[in-house]
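Worksheet: the structure to be examined is printed underneath.
The values are calculated or read from the model by the stated rules, or taken from the named source; none is laboratory data. These numbers come from a predicted model, not from an experiment. Positions of Cβ are generated from backbone atoms using ideal geometry, with glycine treated the same way; all protein chains shown enter the neighbour counts. Ligands, DNA and RNA are excluded from the accessible area calculation, which covers all protein heavy atoms including side chains. Shrake-Rupley method; radii C 1.70, N 1.55, O 1.52, S 1.80 Å.
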Amino acid sequence: MADYKKTVALEIGAQSVTMGVFTPAGQGFELARYARRDIVLDPVEEGMRLDYVSNAIGELVEELGVRGSDVRCVVSGQQVLLRFLKLPALDDMDLGEQVGMEAQQHIPFAPEDIIYSYQELPEREPGEREVLLVAIKKEILDELNGHVESSKLHTAGVDCAITSLYNAYRLSYPEDAEESVMILDIGAKTTDIIFADAGRFFTRSVTAAGSFITTNVAREFNISFREAEQLKIDNGIISLGNGHTDSMNEQDAALATTIRSAMSRLSSEVQRTINHYRAQYKGNPPTKAYICGGGAKLPYMQEFLSSTLNIPVEFLNPIAGFGLGNAIDEESIEMDALCLGAVAGAAVTGSGAGEFSIDLVPTSVGKTRAEKKLIPKVLLAGVLAVAGAGYLAYSTSANATAAQQQLDIAKKEEARLSSLNDSVENAARNYSKQRDTLRAAGELLQARTVYPRLLQEVIDSTSSTAYWLTEFAPMINYTPENTELTDKEPDTQTSRRLIDMKRSLSNGPGSARNTVEVDQKGSKKKAPQVTAVYITGYSFKTYDAKEGKFKVNQAPLQELVTKPFPGSLVSIKTDFAQAHLGNFLRFGGNAGKDDKKTEYAEKFQLLLPLGTGIDIPELAD
């Protein structure tokens, strides 16, 4: 029976990270909220991908408010190996043993280096069993899981995007149960081709996908991968031929033709897969196709595939069988749903309602599960031993000596089991302690990337070249809304800066460990965190002929703090900023006695509060 309970689902794709929160609704699920982060990297930057993934997970956790939750993860089809194994129907051998033996023959890695899961498929031929084997390198899975757990989440299970999407499809399209349908999940690195053929299942992945298109655009226009990706997103369409591009400008027409050439590779691979499925697996030709994934959003993708494959093509809505929460924008979800198939399927898998139940278990998760299973067994064994000893003593009361001997044996056994139980509990505590230490280290590692990202967001937020930066300083436990920064009383003791660093250190200078606020009883109230960044610089002046003097253009920096910040780190309340601009930005004024005054530039001071504080590690004495 399906167990519909609150589920947090996370898909770690090749160039995106998606998270959804599903809650029970009647005899099914409701999508309560979701969010997504795109990670577009040049192929030469692939080594940095996991750092971006870790940051994206952390941002989604905070945005959706799911810190500390159990999460069902989904890894992309590119990261796993899928094999269809045909097994003889041996009654005297366990299915798991057969799969383990076959896995060693079909997976090109040592058994100790992989983690696998499998699912038995419906019988195709009498006397033959077939399973779908899903395997992933242990190193890859454990590293991904480490980033998940460092973001204050607990992994409940790991599924594969292909089987997860299939579960979501089967739930959302029950009317297709007896048809032969093909699903094309057009992702960044691969397109997953899935056949749902009247209860039968087959899949194959090809590399003709989003990155393949981008690479062709970059080569054709002699631009970088990032520039090609942005050009594809902003202006890309698929040319349908027959004069379709005649009304376009030269560049857009060339772009549409380049994309069509790349997509011709996809249609050829799909047709080849259909032929293979029919010849080798005696499958039925698909009567229609569904498309989903980020690549399905490319304009005219539906029309192009329909004409080249000669079958009807529709957009897949993998959450058609789900309710929508009040926080969901119904207009946005129409296109966003194309990328929610894997997370929706993860919720279905976790409830036990899916046809597939793939579970790739990271090493740390496997140890935790084993410990939870072992402790009750040890306790039960102790109880049974004591009860057995008591019964034996009672039943042999005529022979007191023998009864006493058996009782002593039972007590020793109880003591041994109790000691073993203590050892298990100590091991569990040590494991928890080490896990917390590892999480803390992961958080510290993640925090180190915040400042470069923040500086880049400031640079990206305005195209103005009228100013430059000279200082970039973190502020500790600083709240701009509760601090008056614009007082103008003369102060001869300190430099009249917009931000007083001493005031940021909880009313006293010193290291991070002295900044913890203490109440009257001496207990800690607030741990030190970096909550804002103080920036100084100079802004160019231009000569105003009408007024006969040099003036600074304040608009770019004012706009930076009075409009919603484009990045994900800074959190400025724009209404407050517009009413209290002096709390965030000041030009000239008391810039400090050592600051040079020039005719061509004027100093500015800027405060950017952070949406989420950055923990500061306590320093050892």
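Working note: Karplus 6.51/-1.76/1.60 with θ = phi - 60° gives the stretch 547-552 the couplings 8, x, 7, 7, 9, 9 Hz, where Gly and Pro are set to x. On the basis of the beta-carbon distance and an R0 of 51 Å, Ser419 and Gln105 show a calculated FRET efficiency of 0.70. Using a probe of 1.4 Å, the accessible surface attributed to Lys6 totals some 110 Å² when neighbouring protein chains are kept in position. Placing dummy labels 7 Å off each Cα toward the beta-carbon, the span from Lys373 to Gln405 is 3.8 nm. Full extension of the segment from Gln558 to Gln78, taken as 0.36 nm per residue of separation minus the current Cα-Cα distance, would add 168.3 nm. Summed over the residues of the stretch 102-179 and divided among them, the accessible surface reaches 42 Å² per residue at a probe radius of 1.4 Å. When all protein chains stay in place and ligands, DNA and RNA are ignored, the 1.4 Å accessible-area order of Phe212, Phe202, largest first, is Phe212, Phe202. Per-residue accessible area (protein heavy atoms, 1.4 Å probe) orders Tyr52, Tyr173, Tyr431 as Tyr52, Tyr431, Tyr173, starting from the largest.
Per the Cα gyration tensor, the stretch 1-58 maps to an equivalent ellipsoid with semi-axes of 31, 9, 8 Å, ordered largest to smallest. With R₀ fixed at 22 Å, the C-beta to C-beta distance from Asp575 to Ala327 puts the FRET efficiency at about 0.50. When you count the other C-beta atoms within 10 angstrom of each residue and take the mean per peptide, 183-192, 233-242 line up highest first as 183-192, 233-242. By accessible area, using a 1.4 Å probe on protein heavy atoms only, the stretch 292-381 has 53% of its surface on carbon and sulfur.
For the stretch 55-149, the convex hull drawn through the C-alpha positions has a volume of 135 cubic angstrom per residue.
Among Phe576, Phe109, the sequence by solvent-accessible area, most first, with a 1.4 Å probe is Phe109, Phe576.
On full extension, the segment bounded by Gln434 and Asp544 gains 33.2 nm, given 0.36 nm per residue less the C-alpha separation. With R₀ set to 45 Å, the beta-carbon distance separating Thr612 from Glu250 gives a calculated FRET efficiency near 0.45.
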